[in-house]
Amino acid sequence: MIKNSTFPLSLILRYIFVGGFVGIIYYAVMWCLLNFYLESLGLSAMVAFITTSPLSYVLHRIITFRKTENLFQIARFSVSALLLFSLSYSLDHMFGAVLSQKLLIISTWITSSIINFVVYKTFVFRT
């Protein structure tokens, strides 16, 4: 039996909803840190990432992929989150001097979201 490899629209919409919600919290935490506590954008982004990653895992597990939790899933999520953070940081570093800040944020968010969805579906929350 061949397993259906397409992504149902409801799954994609749940992913966008959860990712958008977590993204708003991420940028709010980063903005507050940058404007009130820290002077480093990189450090603010890292603290915001560490702060919102557990929320992202829980919401994607419960709402997006509707899976029960297991230890391997948490480990796979942690590995994928660190790799994605490294990729996002690398994109910012490579194209930061070429692109405007808004364009850089948008392109990084879109690229990361697509990669993240595929990694979550095929590796982290696989069935």
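The values are calculated or read from the model by the stated rules, or taken from the named source; none is laboratory data. Model, not experiment: these values are computed from the prediction. Positions of Cβ are backbone-derived with ideal geometry, glycine not excepted, and every protein chain shown enters the neighbour counts. Ligands, DNA and RNA are excluded from the accessible area calculation, which covers all protein heavy atoms including side chains. Shrake-Rupley method; radii C 1.70, N 1.55, O 1.52, S 1.80 Å.
Points worth noting:
- Residues of segment 96-127 that are polar (S, T, N, Q), closer than 20 Å to L82 by Cβ and either part of a loop (DSSP other than H, G, I, E, B) or open to solvent by less than 40 Å² (accessible area, probe 1.4 Å) (or both): T108, S112, S113, N116.
- Every residue from segment 79-120 that is of a type outside the set (A, V, I, L, M, F, W, C) and touching a helix residue (DSSP H, G or I) at 6+ places or on another chain (Cβ under 8 Å): S80, S88, Y89, D92, G96, S107, T108, T111, S112, S113, N116, Y120
- Hits in segment 27-46 (condition: under 16 Å from the mean Cα position of the chain (by Cα), surrounded by 13 or more Cβ atoms within 10 Å (Cβ to Cβ) and more than 17 Å from D92 (Cβ to Cβ)): V29
- Taking first residues from segment 56-78 that are open to solvent by 50 Å² or more (accessible area, probe 1.4 Å) and partners that are in a helix (DSSP H, G or I) and β-branched (V, I, T), the Cβ contacts under 6 Å between residues at least 6 apart in sequence or on separate chains come to I63/V18.
Residue-wise test of (1) out of contact with any Ser or Thr (no Cβ under 9 Å at 6 or more places or on another chain); (2) farther than 21 Å from L41 by Cβ; (3) among the hydroxyl-bearing types (S, T, Y).
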| site | (1), (2), (3) |
| --- | --- |
| F72 | yes, yes, no |
| L84 | no, no, no |
| S90 | yes, no, yes |
| M94 | yes, no, no |
| A97 | yes, no, no |
| Q101 | yes, no, no |
| T108 | no, no, yes |
| S113 | yes, no, yes |
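- Candidates I16, I25 - the one that is in a helix (DSSP H, G or I), aliphatic (A, V, I, L, M), at pLDDT 90 or above and out of contact with any helix residue (DSSP H, G or I) (no Cβ under 6 Å at 6 or more places or on another chain): I16
- Failed item, numbered, when L38 is tested on (1) farther than 27 Å from R126 by Cα; (2) of a type in the set (A, V, I, L, M); (3) touching a helix residue (DSSP H, G or I) at 6+ places or on another chain (Cβ under 6 Å); (4) at pLDDT 85 or above: (4)
- Tallying residues that are aliphatic (A, V, I, L, M) and more than 20 Å from H60 (Cα to Cα) within segment 88-127 yields 9.
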